[in-house]
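What follows is a single structure, written as structure tokens, with notes after it.
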Number of protein chains: 2
Amino acid sequence: MGMNPPAVTGAPLSEVDTPALVVDLDAFERNLDLLAATVADAGVKLRPHAKMHKSPWVALRQIERGAVGVCCQKVSEAEVMVAGGVSDVLVSNQVVGAQKLAKLAKLNHEAIVRVCIDHIDAVAEISAAANAEGVVIDTLVEIDVGAGRCGVMPGGAALALAQAIAGAPHLTFGGLQAYHGSAQHLRTPEQRKTAIDGAIEGTAETVKLLADNDLNCAIVGGAGTGTFELEAASGVFNELQCGSYAFMDADYARNKVANGEPFDTFEHALFVRAAVMSRPSEQSAVVDAGHKACAIDSGLPVPWAMAGADMTGMSDEHGVIDITTVNEKPERGDAVLLIPGHCDPTINLHDWYVGVRALHTPDARVEHVWPVAARGALF
Amino acid sequence: MGMNPPAVTGAPLSEVDTPALVVDLDAFERNLDLLAATVADAGVKLRPHAKMHKSPWVALRQIERGAVGVCCQKVSEAEVMVAGGVSDVLVSNQVVGAQKLAKLAKLNHEAIVRVCIDHIDAVAEISAAANAEGVVIDTLVEIDVGAGRCGVMPGGAALALAQAIAGAPHLTFGGLQAYHGSAQHLRTPEQRKTAIDGAIEGTAETVKLLADNDLNCAIVGGAGTGTFELEAASGVFNELQCGSYAFMDADYARNKVANGEPFDTFEHALFVRAAVMSRPSEQSAVVDAGHKACAIDSGLPVPWAMAGADMTGMSDEHGVIDITTVNEKPERGDAVLLIPGHCDPTINLHDWYVGVRALHTPDARVEHVWPVAARGALF
């Protein structure tokens with residue numbers, strides 16, 4: 001299974017089949033370099049989230065710039081990362097079920113593959129899986145610092161789990177997972193600071209409580225592309241888990257920074273290249289990318305470098321762009337670049353990345369084609 | 001690429017890994033039988049849309065019940081269908097670009113693979129591709145009967161294209177493509193009838209205009225799961241293109257029929273089986289299926305057979321169910337079935353179907369595991 005690549009290395013951009021996931025390699029490398037330098041300056045570590053890119057190819061480029069490893073959300077993602085050469089993975093999520101835990105344990109023969117818990121039963125479950133494979137599994141406690149998803153409350157509940165981990169055979173206590181997902185997309189810097197101040201407070205209090213009980217947090221992990229500067233400066237978090245920074249997307253671009261300016265710390269490096277397959281009227285262009293090429297959980301994609309254009313609707317295989325006020329209207333057969341609303345689930349729709357050098361120039365050329373290797377890694 | 005199957009044939013339901021796409025084979029077969037009987041009674045043909053299921057395995061089961069072939073939206077989908085044994089495919093969409101047209105033409109050596117046009121330039125383009133391969137391509141004119149997407153207006157514009165096709169070397173004129181997509185999901189039968197009455201009127205007028213000009217429409221195709229009874233009874237449409245009827249989804253279940261009753265002509269036969277990975281409170285259960293397992297373009301999934309449960313949010317790998325008023329609350333580790341909001345793009349997220357016999361009984365057992373073979377067929 002899996003489709004053939006939409007392009008070959010060395011081809012000009014015009015020969016990339018549509019719709020395809022196109023990476024601006026220059027912007028991508030600048031994004032990686034920038035965050036690597038920022039975390040180094042802050043004296044913290046970077047463990048980027050591979051749930052975003054689903055690609056060991058990308059992970060290795062993050063690691064060669066200093067990342068300590070990656071995060072995953074699924075054991076099957078971790079399997080792909082380890083097979084692709086990543087030696088330190090944190091599954092920053094709950095893993096429930098003997099089948100999944102057996103795979104997690106087995107993977108620890110090949111790499112360090114850590115996991116999180118938020119329930120006392122998980123201690124015995126993971127310990128048993130580790131025992132069956134003869135490995136030791138580093139286990140973190142997930143605390144809910146505002147995301148309202150998994151995790152126990154900061155404080156005593158976390159201490160109880162940490163003590164249980166520390167006392168269990170075949171497990172080591174690895175620290176805290178404290179990610180505030182919904183804070184990433186709060187639009188103003190004040191809103192984000194308020195949310196992350198709360199996350200830092202709960203995390204700091206828990207780290208102290210654990211230390212008072214002789215439990216050291218080797219990892220205090222969290223943060224995303226929208227808030228990482230706050231966690232980096234907290235003095236509490238020591239590993240940042242940003243994912244989207246490598247590629248950016250339309251939703252992160254709607255965040256505001258000081259003075260109401262748009263968040264543009266990172267550049268748009270990811271696009272869906274689509275082609276106009278119909279021009280039913282002067283007002284509209286229909287492109288060959290719909291729900292199966294662009295996830296819309298964070299809104300419709302945004303046409304790139306087409307002033308006045310507005311994507312007004314999508315169906316499974318069609319996207320409709322209102323071009324009423326566009327001066328140079330795209331014609332039937334023309335290609336357009338779309339900025340995904342949300343990078344993670346959009347990438348997960350594609351089998352291949354097409355990495356293009358000098359994307360926005362006449363010399364645009366395919367330099368790398370690599371698989372979205374963990375696409376569909378749901379388990 | 002592609003993940004390992006989440007289950008093996010013969011396994012009990014409890015051993016199906018999560019999240020997985022599960023088909024209730026009994027309900028699925030009843031759905032196929034019902035529509036096959038209905039179209040036979042109406043004296044029309046069925047050409048189900050394979051964009052929905054992406055699976056030759058499903059297509060062949062539709063064809064053995066009388067379907068004349070399938071529709072696809074993409075040439076790469078058609079390639080998968082032909083490779084899987086389907087001998088008659090209509091690409092019910094515009095195909096623009098020499099690369100795609102070359103593949104379409106080549107495929108006509110192995111099967112009948114028809115295509116649609118809505119622009120005069122397409123005539124020469126498709127003719128050239130057919131000539132290069134030494135094949136004849138049956139070509140339909142797409143008319144816009146209300147969907148507001150691709151297609152020319154009914155009447156003279158369609159006649160001009162049909163005449164151009166009929167006069168072009170290496171092409172045959174195949175008829176009209178007249179699908180009213182947005183009408184499928186209008187909630188009341190009156191709204192749907194008004195919309196489809198308009199579609200029928202424009203289609204009938206065009207068929208007559210073509211006949212007056214000695215152009216016969218072998219295929220007058222359209223209709224979907226929400227409106228097929230109207231097109232079937234129209235005396236104009238002769239091929240129905242329903243897709244979702246085989247599996248149903250939560251959005252179609254929101255349609256109403258006479259007396260305000262819910263649309264339940266077809267049974268829910270498709271589910272995402274997910275597991276509870278956290279129970280952070282009495283009010284909420286977090287399952288291991290998020291945006292990467294369930295498309296939400298037509299709303300969040302709906303928990304099956306869990307009265308009072310309401311899915312309130314999803315992130316990429318998490319789904320949150322409000323279970324405040326649920327009597328038998330699912331516990332950590334329990335499996336739940338989710339009815340997808342929209343079947344087509346949800347299926348496209350998965351690599352495998354898990355076909356289960358007697359799904360909602362204690363004897364539930366995996367009878368077939370088959371690939372979503374055209375998943376990711378975007379080109």
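The values are calculated or read from the model by the stated rules, or taken from the named source; none is laboratory data. Keep in mind that what you see is a predicted model, and the values were worked out from it rather than measured. Neighbour counts are summed over all protein chains in view; Cβ atoms, including those assigned to glycine, are modelled from backbone coordinates with ideal geometry.
A quick yes/no check of all residues on (1) under 30 Å from A:Ser315 (Cα atoms); (2) more than 7 Å from chain A (Cβ to nearest Cβ):
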| site | (1), (2) |
| --- | --- |
| B:Trp304 | yes, yes |
| B:Gly313 | yes, yes |
| B:Pro330 | no, yes |
| B:Trp352 | yes, yes |
| B:Ala364 | no, yes |
| B:Val369 | yes, yes |
| B:Val372 | yes, yes |
| B:Gly376 | yes, no |
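Could you check the range A:277-304 and list, in sequence order, the residues that are β-branched (Val, Ile, Thr), within 29 Å of B:Ala157 (Cβ to Cβ) and either out of contact with any strand residue (DSSP E or B) (no Cβ under 9 Å at 6 or more places or on another chain) or not in a strand (DSSP E or B) (or both)? Step through it out loud before you land on a result.
First, the residues of the range A:277-304 that are β-branched (Val, Ile, Thr): A:286-287, A:296, A:302.
After this cut, where a residue has to be within 29 Å of B:Ala157 (Cβ to Cβ) as well, the list is A:286-287.
Listed by number, the list is empty, since nothing qualifies.
Restricting to the range B:12-43, count the residues that are within 14 Å of another protein chain (Cβ to nearest Cβ), out of contact with any helix residue (DSSP H, G or I) (no Cβ under 9 Å at 6 or more places or on another chain) and buried (at least 18 other Cβ atoms within 10 Å of the Cβ). Explain how you work it out, then say what you get.
Going through the range B:12-43, the residues within 14 Å of another protein chain (Cβ to nearest Cβ) turn out to be B:12-22.
With the extra rule that they be out of contact with any helix residue (DSSP H, G or I) (no Cβ under 9 Å at 6 or more places or on another chain), the set shrinks to B:12-14, B:16, B:19-20.
If we keep only those that are buried (at least 18 other Cβ atoms within 10 Å of the Cβ) as well, we get B:13, B:16, B:19-20.
Residues meeting the conditions: 4.
When you go through B:Met81, B:Met52 one by one, which is the residue that is touching a Ser or Thr at 6+ places or on another chain (Cβ under 8 Å) and either of a type outside the set (S, T, N, Q) or assigned by TED's automatic domain parsing to the domain that holds B:Asp316 (or both)?
B:Met52
Condition (residue is touching a strand residue (DSSP E or B) at 6+ places or on another chain (Cβ under 7 Å), more than 18 Å from A:Leu21 (Cα to Cα) and surrounded by 24 or more Cβ atoms within 10 Å (Cβ to Cβ)) applied to the range A:342-349: is it met by at least one residue?
Checked against the condition, which is being touching a strand residue (DSSP E or B) at 6+ places or on another chain (Cβ under 7 Å), more than 18 Å from A:Leu21 (Cα to Cα) and surrounded by 24 or more Cβ atoms within 10 Å (Cβ to Cβ), the range A:342-349 yields no hits at all.
May I ask you to say which residue of A:Ala258, A:Ala199, A:Ala253 is over 14 Å from the mean Cα position of the chain (by Cα), hydrophobic (A, V, I, L, M, F, W, C) and modelled with pLDDT under 95? Before the answer, list the steps.
On the way: A:Ala199 fails: modelled with pLDDT under 95; A:Ala253 fails: modelled with pLDDT under 95.
Every option except A:Ala258 fails the conditions.
Filter the range B:16-43 down to the residues that are free of Cβ contacts under 8 Å to residues at least 40 places away in the same chain and part of a helix (DSSP H, G or I) and list them by number. First the steps, then the outcome.
We begin by selecting, within the range B:16-43, every residue free of Cβ contacts under 8 Å to residues at least 40 places away in the same chain; these are B:17, B:29, B:33, B:36-37, B:40-41, B:43.
Selection gives B:Glu29, B:Asp33, B:Ala36, B:Ala37, B:Ala40, B:Asp41.
Output the residues belonging to the range B:69-95 that are touching a residue at least 40 places away in the same chain (Cβ under 8 Å), out of contact with any Asp or Glu (no Cβ under 6 Å at 6 or more places or on another chain) and in a loop (DSSP other than H, G, I, E, B).
B:Lys74, B:Gly84
Would you point out which residue out of A:Leu215, A:Leu240 is out of contact with any Ser or Thr (no Cβ under 8 Å at 6 or more places or on another chain), aliphatic (A, V, I, L, M) and closer than 22 Å to A:His53 by Cα?
On the way: A:Leu215 fails: closer than 22 Å to A:His53 by Cα.
Being out of contact with any Ser or Thr (no Cβ under 8 Å at 6 or more places or on another chain), aliphatic (A, V, I, L, M) and closer than 22 Å to A:His53 by Cα holds for just one of A:Leu215, A:Leu240, which is A:Leu240.
What is the residue count in the range A:110-137 for residues that are in contact (Cβ under 8 Å) with a residue 60 or more places away in the chain and either assigned to a helix (DSSP H, G or I) or of a type in the set (D, E, K, R) (or both)?
Kept after step one, since they are in contact (Cβ under 8 Å) with a residue 60 or more places away in the chain, are these residues of the range A:110-137: A:114, A:116.
Now narrow it down to the ones that are either assigned to a helix (DSSP H, G or I) or of a type in the set (D, E, K, R) (or both): A:114.
Qualifying residue count for the region: 1.
Just give me the residues in the range B:308-327 being without any contact (Cβ under 8 Å) to a residue 40 or more places away in the chain and under 18 Å from B:Ala250 (Cα atoms), in sequence order.
B:Gly308, B:Ala309, B:Asp310, B:Met311, B:Thr312, B:Gly313, B:Met314, B:Val320, B:Ile321, B:Asp322
Please specify each residue of the range B:117-133 satisfying the condition of being of a type in the set (A, V, I, L, M, F, W, C) and within 10 Å of another protein chain (Cβ to nearest Cβ).
Within the range B:117-133, the first condition is being of a type in the set (A, V, I, L, M, F, W, C), and the residues that meet it are B:117, B:120, B:122-124, B:126, B:128-130, B:132.
Passing the criteria: B:Ile117, B:Ala122.
Applying the selection to the range B:96-109, what residues are away from chain A (no Cβ under 11 Å), surrounded by fewer than 19 Cβ atoms within 10 Å (Cβ to Cβ) and part of a helix (DSSP H, G or I)?
B:Ala102, B:Lys106
Working only within the range B:222-280, note down all residues that are closer than 25 Å to B:Ile200 by Cβ and among the hydroxyl-bearing types (Ser, Thr, Tyr).
B:Thr225, B:Thr227, B:Ser234, B:Ser244, B:Tyr245, B:Tyr252, B:Thr265
Just give me the residues in the range B:252-281 being more than 14 Å from every other protein chain (Cβ to nearest Cβ), closer than 27 Å to B:Ala358 by Cβ and of a type in the set (Gly, Ala, Ser), in sequence order.
Matches in the range B:252-281: B:Ala253, B:Ala269.
Among the residues of the range B:76-88, which ones are in contact with a Leu (Cβ under 8 Å, 6 or more places away or on another chain) and either away from chain A (no Cβ under 14 Å) or among the acidic types (Asp, Glu) (or both)? Explain how you work it out, then say what you get.
Let us first name the residues in the range B:76-88 that are in contact with a Leu (Cβ under 8 Å, 6 or more places away or on another chain), namely B:76, B:78-79, B:82, B:84-86.
Listed by number, the residues that qualify are B:Glu79, B:Val82, B:Gly85, B:Val86.
Scan the range B:44-68 for residues that are of a type in the set (A, V, I, L, M, F, W, C), outside any strand (DSSP E or B), more than 10 Å from chain A (Cβ to nearest Cβ) and in contact with a Cys (Cβ under 9 Å, 6 or more places away or on another chain) and jot them down.
Residues of the range B:44-68 of a type in the set (A, V, I, L, M, F, W, C): B:44, B:46, B:50, B:52, B:57-60, B:63, B:67-68.
Going one step further and asking which of them are outside any strand (DSSP E or B), we end up with B:44, B:50, B:52, B:57-60, B:63, B:67-68.
Within this subset, residues satisfying the condition of being more than 10 Å from chain A (Cβ to nearest Cβ) are B:44, B:50, B:57-60, B:63, B:67-68.
Result: B:Ala50, single match.
Any idea which of A:Ile112, A:Ile143, A:Ile120 is surrounded by 24 or more Cβ atoms within 10 Å (Cβ to Cβ) and either closer than 22 Å to B:His318 by Cβ or of a type in the set (A, V, I, L, M) (or both)?
Working: A:Ile112 fails: surrounded by 24 or more Cβ atoms within 10 Å (Cβ to Cβ); A:Ile120 fails: surrounded by 24 or more Cβ atoms within 10 Å (Cβ to Cβ).
So the residue among A:Ile112, A:Ile143, A:Ile120 that is surrounded by 24 or more Cβ atoms within 10 Å (Cβ to Cβ) and either closer than 22 Å to B:His318 by Cβ or of a type in the set (A, V, I, L, M) (or both) is A:Ile143.
So which residues in the range A:324-340 are buried (at least 23 other Cβ atoms within 10 Å of the Cβ) and part of a loop (DSSP other than H, G, I, E, B)?
Matches in the range A:324-340: A:Pro340 only.
On the basis of being in contact (Cβ under 8 Å) with a residue 60 or more places away in the chain, in contact with a strand residue (DSSP E or B) (Cβ under 8 Å, 6 or more places away or on another chain) and within 8 Å of chain B (Cβ to nearest Cβ), does A:His360 make the cut?
no
Restricting the range A:1-15 to residues that are among the small types (Gly, Ala, Ser) and part of a loop (DSSP other than H, G, I, E, B), which is farthest from A:Ala218 (Cα to Cα)?
Step by step, filter the range A:1-15, then rank; the result is A:Ala11.
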